[in-house]
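Worksheet for the structure shown next.
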Amino acid sequence: MGANFCMNYENAFEAAIAGIKKEGRYRVFANLRREQGNFPHAKWLTDTGVKDVVVWCSNDYLGQGQNPLVLEAMHEALEDVGAGAGGTRNISGTTNYHVELERELAGLHEKESALLFTSGYVANDATLATLSRILPGCIVYSDASNHASMIEGIRRSGCEKRVFRHNDVAHLRALLENSPASAPKLIAFESVYSMDGDISPIKEILDLADEFDALTYLDEVHAVGLYGEHGGGVAQREGLMARVDIIEGTLGKAFGIMGGYIAASSKIIDAIRSVAPGFIFTTSLAPVLAAGAIASIKLLKSEKGRELRMVHQRQAQYLKDAFVAAGLPVMETSTSHIVPLMIGDAALCKAISDELLIEFGIYVQPINYPTVPRGTERLRFTPSPLHNNELCDDLVESVKAVLQKSNIGFAANSIR
């Protein structure tokens, strides 16, 4: 019977894509070429030619991927040791660049040690998935809005998971109170939530962790480099870093490079280093990336970094204020540098994004399900220090024109 059955695999894949297209959330990647030294401007390469665009959705929040000091460090490393790392960290992929970068990251977060991963996603997934091996019977308390990488890591850990309502400290307390006092506990949450732009009540969560003897795992990927005296994140800004057990961050956003990491006590780091398959079996970051990250971190820890952070926050606030003045639907949740506009429909969100790119040279990707819940589709703008007032004003006028064309109301539809 089995020998006579012929599965049409191609049809299955075609049907999956058709369903995504029908929902209006099929993703098309724009072919962009960033212009070194001219961030946030880029070239959009199409079948019909090349068009100048302004990038409004980059996570290179400070333009560090274009910083001459960072590029110089990377060029020097390339000439010094070549391209690749040569293997996993356990075999031949540990270089002095990796060791120095981990020391720099540990210092940034005032921890004993740090551990590099190939991305922020891998850092979350590998670390959280490994904790169950080290803490049998652990219960993980996860914020409902945590990133997919955290959710996946917790799922793979096999730990019992209890989800608390987003930033709801009272709900977290109730879950902790209804858990066995003797069970190991871990509270996993973020500082800046990248889709709504809101910031978690870190102190209140840490107070609960102390009360219920729980470890804390704080994802600072959208905050490192951007907040705190030396760019250590929101926990540094609020004087709370020492109270967080594990801080996770990325090198691919404010630092402008690539990679992820955790920072914690030397015992925690050593355990994850020795147990996590996501670390053990992966080729390490190229030394050139580590060199660039070292230079970027050092720069953002300096007075120049503090100036960049000030300008960054100023431009984010300028854009928010300009959107609000125009009656556009800025999400009132945003208390950070992230500026989301609520659209509420996947197909419409993509259509608006396409119109902005084609007609106005503005590149901002639609944020649709599964990144955000259905019905909360949005455009997410990330102004940098290099998005000056003129660029912000042009953006607001362009968005107004497209939303008017799409028959979207302004002040009446605004959720501020």
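The values are calculated or read from the model by the stated rules, or taken from the named source; none is laboratory data. All figures in this text were calculated on a predicted structure; none of them were measured in a lab. Please note: Cβ atoms are built from the backbone with ideal geometry, for glycine as well, and neighbour counts cover all protein chains shown. Heavy atoms of the whole protein, side chains included, go into the accessibility calculation; ligands, DNA and RNA do not. Shrake-Rupley method; radii C 1.70, N 1.55, O 1.52, S 1.80 Å.
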Here are ILE272, ILE280: which of them is more than 19 Å from the chain's Cα centre (by Cα), among the hydrophobic types (A, V, I, L, M, F, W, C), modelled with pLDDT of 95 or more and open to solvent by less than 10 Å² (accessible area, probe 1.4 Å)? ILE272
Would you tally the residues in the range 158-192 being on the phi < 0 side of the Ramachandran plot, open to solvent by 10 Å² or more (accessible area, probe 1.4 Å) and of a type outside the set (D, E, K, R)? 15
Within the set of pairs 6 or more residues apart or between chains, which connect a residue that is of a type in the set (S, T, N, Q) and at pLDDT 95 or above inside the range 234-253 to a residue that is surrounded by 18 or more Cβ atoms within 10 Å (Cβ to Cβ) and part of a loop (DSSP other than H, G, I, E, B) with Cβ atoms less than 6 Å apart? GLN236/GLY228; THR250/VAL221
Taking first residues from the range 320-344 that are within 19 Å of LEU356 (Cα to Cα) and second residues anywhere that are of a type in the set (Asp, Glu) and surrounded by fewer than 21 Cβ atoms within 10 Å (Cβ to Cβ), the pairs with Cβ under 7 Å that are 6 or more apart or on different chains are ALA322/ASP393
Would you check which residues across the range 226-237 are open to solvent by 40 Å² or more (accessible area, probe 1.4 Å) and either touching a Phe, Trp or Tyr at 6+ places or on another chain (Cβ under 6 Å) or closer than 19 Å to THR333 by Cβ (or both) and list them? ARG237
Looking for whichever is out of contact with any strand residue (DSSP E or B) (no Cβ under 9 Å at 6 or more places or on another chain) and more than 21 Å from ALA235 (Cα to Cα) here; the options are GLU152, GLU211, GLU160. Which one fits? GLU152
Within the range 132-147, work out how many residues are buried (at least 20 other Cβ atoms within 10 Å of the Cβ) and of a type in the set (Val, Ile, Thr). 1
Selected residue (criterion: farthest from the chain's Cα centre (by Cα)) from residues of the range 324-339 that are over 18 Å from SER406 (Cα atoms) and open to solvent by less than 50 Å² (accessible area, probe 1.4 Å): MET331
Check ARG103, ARG156, ARG162 and return the single one that is free of Cβ contacts under 8 Å to residues at least 60 places away in the same chain, within 24 Å of LEU208 (Cα to Cα) and among the basic types (Lys, Arg). ARG162
Matching residues in the range 21-44 - criterion: being in a strand (DSSP E or B) and open to solvent by less than 50 Å² (accessible area, probe 1.4 Å): ALA42, TRP44
Pairs returned, first residue in the range 13-35 that is within 10 Å of ASN368 (Cβ to Cβ) and at pLDDT below 90, second residue that is among the acidic types (Asp, Glu) and exposed (fewer than 12 other Cβ atoms within 10 Å of the Cβ), beta-carbon separation under 8 angstrom, 6 or more apart or interchain, are none
Contact list please: Cβ distance under 9 Å, first residue in the range 388-416 and in a helix (DSSP H, G or I), second residue modelled with pLDDT under 85, pairs at least six apart or on different chains. LYS400/PHE410; VAL402/ILE408; LEU403/GLY409; LEU403/PHE410; LEU403/ASN413; GLN404/PHE410
Residue list for the range 105-131, filter: part of a helix (DSSP H, G or I) and open to solvent by 30 Å² or more (accessible area, probe 1.4 Å): GLY107, TYR121, VAL122
Selection status of ILE247, within 30 Å of LEU379 (Cα to Cα), under 22 Å from the mean Cα position of the chain (by Cα) and open to solvent by 10 Å² or more (accessible area, probe 1.4 Å): no
Of (1) within 26 Å of the chain's Cα centre (by Cα); (2) loosely packed, with under 10 Cβ neighbours inside 10 Å, CYS6 satisfies all except one. Which? (1)
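The rows are residues; the columns are (1) among the acidic types (Asp, Glu); (2) in contact with a Pro (Cβ under 6 Å, 6 or more places away or on another chain); (3) under 30 Å from ILE151 (Cα atoms).
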site	(1), (2), (3)
ARG314	no, no, no
LEU319	no, yes, no
LYS350	no, yes, yes
ILE367	no, no, yes
ARG378	no, yes, yes
THR382	no, no, yes
GLU390	yes, no, no
ALA401	no, no, no
Filter the range 354-378 for residues that are free of Cβ contacts under 8 Å to residues at least 60 places away in the same chain and among the hydrophobic types (A, V, I, L, M, F, W, C); the one that is least open to solvent (accessible area, probe 1.4 Å) is LEU356
Enumeration of residues in the range 194-225 that are of a type in the set (A, V, I, L, M) and open to solvent by less than 10 Å² (accessible area, probe 1.4 Å): ILE202, ILE205, LEU206, LEU208, ALA209, LEU218, ALA223, VAL224
